[in-house]
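A quick write-up on the structure given underneath.
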Amino acid sequence: MGLPGLSRAGLWLSRAMSRCVLEPRPAGKRWLVAGLGNPGLPGTRHSVGMAVLGQLARRLGVAESWERDRRCAADLAQASLGDAQLVLLRPRRLMNLNGHSVAQAVELFGLTAEEVYLVHDELDKPLGKVALKLGGSARGHNGVRSCMSCLNSNAMPRLQVGIGRPTHRDAVQAYVLGRFSPAEQELLPPVLERAVDLLLGHIHQRSRESSSGP
């Protein structure tokens, strides 16, 4: 015999509240790190941001923890960095629609644009050069432009990974969608390591500043 006045919805809510009590959100600052690129095209210059995310996941010990999340059309993995929590995201949408996945994850995890890191390729930097850019324009990058449009902000820090620029402007599309040459592939592993070092160093610093307060 059922309990009087207690509907199925009420039972579900009660159980959900119990889970919330038993499984509280981890303490510490939370950051989203999005590797921009084209799904299904690994090894291409335009998807080097996803390659950095792969290296980041290995560094943090969550390389086997990727899970597909249909709510934001992306693969997600979560990891700890000291007291901070990192959400790693690889969109399952094409580059010029990456922003939709990022924005949906931002809403899902209750974040702001300032708490999002974008990792992407950069034509105007040679292969081997990595840099962190704080805000500013998309500079013609379709993935960054999509993120700026969907988040209605340009405040996201951006980890730029240089891929170099082809000699002829007409060759840019084929160049970015092409795979790294064998010589470039030999240079890539230390580049990915430096990119991860720079990213984690910046996140660690901001997490400390956030925890210490004004």
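Some notes on this structure:
- Ranked by how many other beta carbons lie within 10 Å on average, peptides 164-173, 97-106, 195-204 from highest: 97-106, 195-204, 164-173
- Distance between region 98-122 and region 157-214 - C-alpha centres, whole angstrom: 17
- Accessible area per residue, Å², region 29-209 with all protein chains present, probe 1.4 Å: 47
- Projecting label points 7 angstrom from Cα along Cα→Cβ for Gln185 and Arg139 puts them 2.8 nm apart.
- Gln173 paired with Glu107, simple spin-label distance in nm, labels 7 Å along Cα-to-beta-carbon: 3.1
- The shape of the chain comes out prolate: with a ≥ b ≥ c from the C-alpha gyration tensor, a/c is at least 1.5 and a/b beats b/c.
- Per-residue [θ]222 nm for the chain (sum of -39500 (n - 2.57) over DSSP H runs n ≥ 4, rounded to 500): -13000 deg cm²/dmol
- Those GluC sites (Glu not before Pro) in region 128-214 that DSSP places in a loop and that have at most 11 other beta carbons within 10 Å: none
- Three-way shape call for region 146-214 based on the alpha-carbon gyration tensor, with the a/c threshold at 1.5: oblate
- Estimated FRET transfer efficiency (Asp124, Arg58; beta-carbon r; R0 35 Å; 0.05): 0.80
- Taking the protein heavy atoms of the chain in the context of the full set of protein chains, the accessible area attributed to carbon and sulfur is 53 percent at 1.4 Å.
- Fluctuation leader among Pro190, Pro157, Pro182 - the chain, Gaussian network, Cα springs under 10 angstrom: Pro182
- Looking at region 29-209 alone, DSSP beta bridges between its own residues are antiparallel in about 55 percent of cases.
- The distance between label points at Glu67 and Arg208 comes to 3.2 nm (points 7 Å beyond Cα on the Cα→Cβ vector).
The values are calculated or read from the model by the stated rules, or taken from the named source; none is laboratory data. Note that the structure is predicted; figures quoted are calculated from it, not measured. Note that we place each Cβ from the backbone using ideal geometry, even for glycine, and neighbour counts take in every protein chain shown. Surface accessibility is based on the protein's heavy atoms, side chains included, excluding ligands, DNA and RNA. Shrake-Rupley method; radii C 1.70, N 1.55, O 1.52, S 1.80 Å.
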